[in-house]
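Chemist: My structure is below; once you've seen it, I'll send some questions.
The values are calculated or read from the model by the stated rules, or taken from the named source; none is laboratory data. The model shown is predicted, which means the values in this text are computed figures rather than measured ones. Heads up, the Cβs are rebuilt from the backbone with ideal geometry, glycines too, and the neighbour counts pull from every protein chain shown. Heads up: the accessible areas ignore ligands, DNA and RNA and are worked out on the full protein's heavy atoms, side chains in. Shrake-Rupley method; radii C 1.70, N 1.55, O 1.52, S 1.80 Å.
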Amino acid sequence: MAILSPSLLAADFSCLGPSVKKIYEAGAAYLHLDVMDGAFVPNISFGPCVIKAIRPLTDAVFDVHLMIDKPERYIDEFIDSGADLLTIHYEATTAPADVLASIRKKGIKACIAIKPSTPIAVLDNLLPLVDMVLIMTVEPGFGGQKLIPETIDKIAALHKRRKALGLSFLIEADGGITLSNTHTLSSAGVDVLVAGSAIFGAEHPETAVQAMLSAAK
């Protein structure tokens, strides 16, 4: 069964508390928190202070996605803010294995993300070190983009690789995920679906959560 991780980036920041509570109660077990620095990606979002502020409001798993250069500089701050999963980008550091080991040493689940143009082969030596691999299905940095179709083949290949290696890391997809492609992504091997506008932009976000979870079965 797929896990839904709504992206806070698409939420109304004037009423985060009630919004986060509603989607969690509707069945969204994770909350995806996109941290952007304006350097690794051409946009700026929020930092540890926002994550820390909403941590007491929900029991959802905080799925923190660091789209920042040299993420090793800020690992402690994001862990202290309440992250349960901490995802770094392969392209953002020269020593991804060391950063992942550092995250795990602190008792947090360590995850790696790759952009649409990055081949999954670069992760071969890292797969035994991670709890989750995030496949970006759009170019990172902005919400509301359409899913890049070729990334579905990438997900399927990673799913096959996971099975061949006998590993148990989760596969997450992020970008352009809607009710219409949820089942396709789940069938390709996605365990965690990140949806922003499709959830928080819906007239009734709780209904959208339930519909996507049903479609992912």
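Chemist: Filter segment 187-217 for residues that are over 15 Å from P6 (Cβ atoms), crowded, with 19+ Cβ neighbours inside 10 Å and out of contact with any strand residue (DSSP E or B) (no Cβ under 6 Å at 6 or more places or on another chain) and give the result.
Modeler: The answer is A188, and nothing else.
Chemist: Which one is surrounded by the fewest Cβ atoms within 10 Å (Cβ to Cβ), of the residues in segment 168-186 that are outside any helix (DSSP H, G or I) and among the hydrophobic types (A, V, I, L, M, F, W, C)?
Modeler: Filtering segment 168-186 for residues that are outside any helix (DSSP H, G or I) and among the hydrophobic types (A, V, I, L, M, F, W, C), the one surrounded by the fewest Cβ atoms within 10 Å (Cβ to Cβ) comes out as L170.
Chemist: Continuing with the same structure: Restricting segment 22-57 to residues that are of a type in the set (D, E, K, R) and under 17 Å from S197 (Cα atoms), which is most open to solvent (accessible area, probe 1.4 Å)?
Modeler: Filtering segment 22-57 for residues of a type in the set (D, E, K, R) gives 22, 25, 34, 37, 52, 55.
Now restrict to residues that are under 17 Å from S197 (Cα atoms): 22, 34.
Working: K22: 108, D34: 8 Å².
The selected residue is K22.
Chemist: Has segment 140-159 got any residue that is surrounded by fewer than 19 Cβ atoms within 10 Å (Cβ to Cβ), in a loop (DSSP other than H, G, I, E, B), out of contact with any Lys or Arg (no Cβ under 9 Å at 6 or more places or on another chain) and among the charged types (D, E, K, R)?
Modeler: yes
Chemist: Can you work out which of the residues in segment 36-54 that are outside any loop (DSSP other than H, G, I, E, B) and touching a Phe, Trp or Tyr at 6+ places or on another chain (Cβ under 7 Å) is nearest to I88 (Cα to Cα)?
Modeler: Applying the filter and picking the extreme gives P48.
Chemist: Answer yes or no as to whether L165 is buried (at least 17 other Cβ atoms within 10 Å of the Cβ), out of contact with any Ser or Thr (no Cβ under 6 Å at 6 or more places or on another chain) and under 30 Å from L100 (Cα atoms).
Modeler: Values: buried (at least 17 other Cβ atoms within 10 Å of the Cβ): no; out of contact with any Ser or Thr (no Cβ under 6 Å at 6 or more places or on another chain): yes; under 30 Å from L100 (Cα atoms): yes.
No.
Chemist: Further question: When residues of segment 90-99 are filtered for being in contact with an Asp or Glu (Cβ under 9 Å, 6 or more places away or on another chain) and crowded, with 17+ Cβ neighbours inside 10 Å, how many remain?
Modeler: The total comes to 3.
Chemist: Scan segment 102-118 and tell me whether some residue there is without any contact (Cβ under 8 Å) to a residue 60 or more places away in the chain, closer than 19 Å to F142 by Cα, surrounded by fewer than 16 Cβ atoms within 10 Å (Cβ to Cβ) and out of contact with any strand residue (DSSP E or B) (no Cβ under 8 Å at 6 or more places or on another chain).
Modeler: The answer is yes, given that some residue of segment 102-118 is without any contact (Cβ under 8 Å) to a residue 60 or more places away in the chain, closer than 19 Å to F142 by Cα, surrounded by fewer than 16 Cβ atoms within 10 Å (Cβ to Cβ) and out of contact with any strand residue (DSSP E or B) (no Cβ under 8 Å at 6 or more places or on another chain).
Chemist: Further question: For segment 4-11, state whether one or more residues are of a type in the set (A, V, I, L, M, F, W, C), more than 30 Å from T207 (Cβ to Cβ), in contact (Cβ under 8 Å) with a residue 40 or more places away in the chain and open to solvent by less than 10 Å² (accessible area, probe 1.4 Å).
Modeler: No, because not a single residue in segment 4-11 is of a type in the set (A, V, I, L, M, F, W, C), more than 30 Å from T207 (Cβ to Cβ), in contact (Cβ under 8 Å) with a residue 40 or more places away in the chain and open to solvent by less than 10 Å² (accessible area, probe 1.4 Å).
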